[in-house]
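S.K.: Could you have a look at this structure, given as structure tokens, before my questions?
The values are calculated or read from the model by the stated rules, or taken from the named source; none is laboratory data. Computed from a predicted structure; not experimentally measured. Quick reminder, even Gly has a Cβ in these numbers, built from the backbone with ideal geometry, and neighbours come from all protein chains shown.
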């Protein structure tokens, strides 16, 4: 099924800020997420800061310090996603390691779009949310479970592309944040991850949804 991009109008600072929820890797023109430096077979638990190629810095604030208590995962250890299966070698990923809280990528140079390959544990903890921020203020936020669900029943290392693009004239952002439902952003040491088909429900999601999410609480299921 052809992947879709969803346009939503979002309230921000008393006005309307337009952003696009990206679901099509073929149309993406933003920075690549290269996690190959962490392809060492370990979990590499960390709160950051951790450098990512391309002027990106990873930091994390998982609920309760993460499932391990030592931060989020930036590596290749086995990572369960409930009904959506699991991740592990050879995939490399940044996983919040909590049903609540968040991890984020900060960019040395502000950008207008960012995306990666994602998956999450359905119905565990807070909803899976991606958002972009500028100077500490949230610019746009999307609830993936509501607007662009990912379904990979019992899968292993299955991904779906998700991202955010600020529309023309809407400025830039310096941080991309993701969290809830053990949401993880994945990459591989060599090439792109394999895509997964978009569920039929995605085709039924219309335009004009607002995806603002503010609460992030901890739960591991």
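S.K.: Here is a check on your reading of the model: is residue 97 crowded, with 24+ Cβ neighbours inside 10 Å and touching a strand residue (DSSP E or B) at 6+ places or on another chain (Cβ under 9 Å)? Steps first, answer last, please.
M.R.: Values: crowded, with 24+ Cβ neighbours inside 10 Å: yes; touching a strand residue (DSSP E or B) at 6+ places or on another chain (Cβ under 9 Å): yes.
Spelling it out, residue 97 is indeed crowded, with 24+ Cβ neighbours inside 10 Å and touching a strand residue (DSSP E or B) at 6+ places or on another chain (Cβ under 9 Å).
S.K.: Before we move on, is residue 96 modelled with pLDDT under 95 and within 21 Å of residue 48 (Cα to Cα)?
M.R.: Numbers: modelled with pLDDT under 95: no; within 21 Å of residue 48 (Cα to Cα): yes.
So residue 96 does not fit the description; no.
S.K.: Among the residues of segment 29-72, how many are assigned to a loop (DSSP other than H, G, I, E, B), within 20 Å of residue 132 (Cα to Cα) and over 16 Å from the mean Cα position of the chain (by Cα)?
M.R.: Residues meeting the conditions: 7.
S.K.: Can you name the residue in segment 1-28 that is assigned to a loop (DSSP other than H, G, I, E, B) and at pLDDT 90 or above and is also surrounded by the fewest Cβ atoms within 10 Å (Cβ to Cβ) among such residues? Can you show your working first?
M.R.: Pass one, segment 1-28, residues assigned to a loop (DSSP other than H, G, I, E, B): 1-5, 13-14, 23-24, 28.
Those left that are additionally at pLDDT 90 or above: 23, 28.
Values: 23: 24, 28: 18.
The extreme case among them is 28.
S.K.: Given the residues 40, 44, which is the only one that is more than 18 Å from residue 121 (Cα to Cα) and either surrounded by 15 or more Cβ atoms within 10 Å (Cβ to Cβ) or in contact with a helix residue (DSSP H, G or I) (Cβ under 7 Å, 6 or more places away or on another chain) (or both)? If you could, list the steps in order and put the result at the bottom.
M.R.: Working: 40 fails: either surrounded by 15 or more Cβ atoms within 10 Å (Cβ to Cβ) or in contact with a helix residue (DSSP H, G or I) (Cβ under 7 Å, 6 or more places away or on another chain) (or both).
Matching residue, one of 40, 44: 44.
S.K.: Just to be sure before I move on: is residue 198 within 30 Å of residue 36 (Cβ to Cβ) and at pLDDT below 85 in the structure I sent? Step through it out loud before you land on a result.
M.R.: On the way: within 30 Å of residue 36 (Cβ to Cβ): yes; at pLDDT below 85: yes.
Spelling it out, residue 198 is indeed within 30 Å of residue 36 (Cβ to Cβ) and at pLDDT below 85.
S.K.: Let me ask another. Within segment 150-163, which residues are crowded, with 24+ Cβ neighbours inside 10 Å and part of a strand (DSSP E or B)?
M.R.: Within segment 150-163, 159, 160, 162, 163 qualify.
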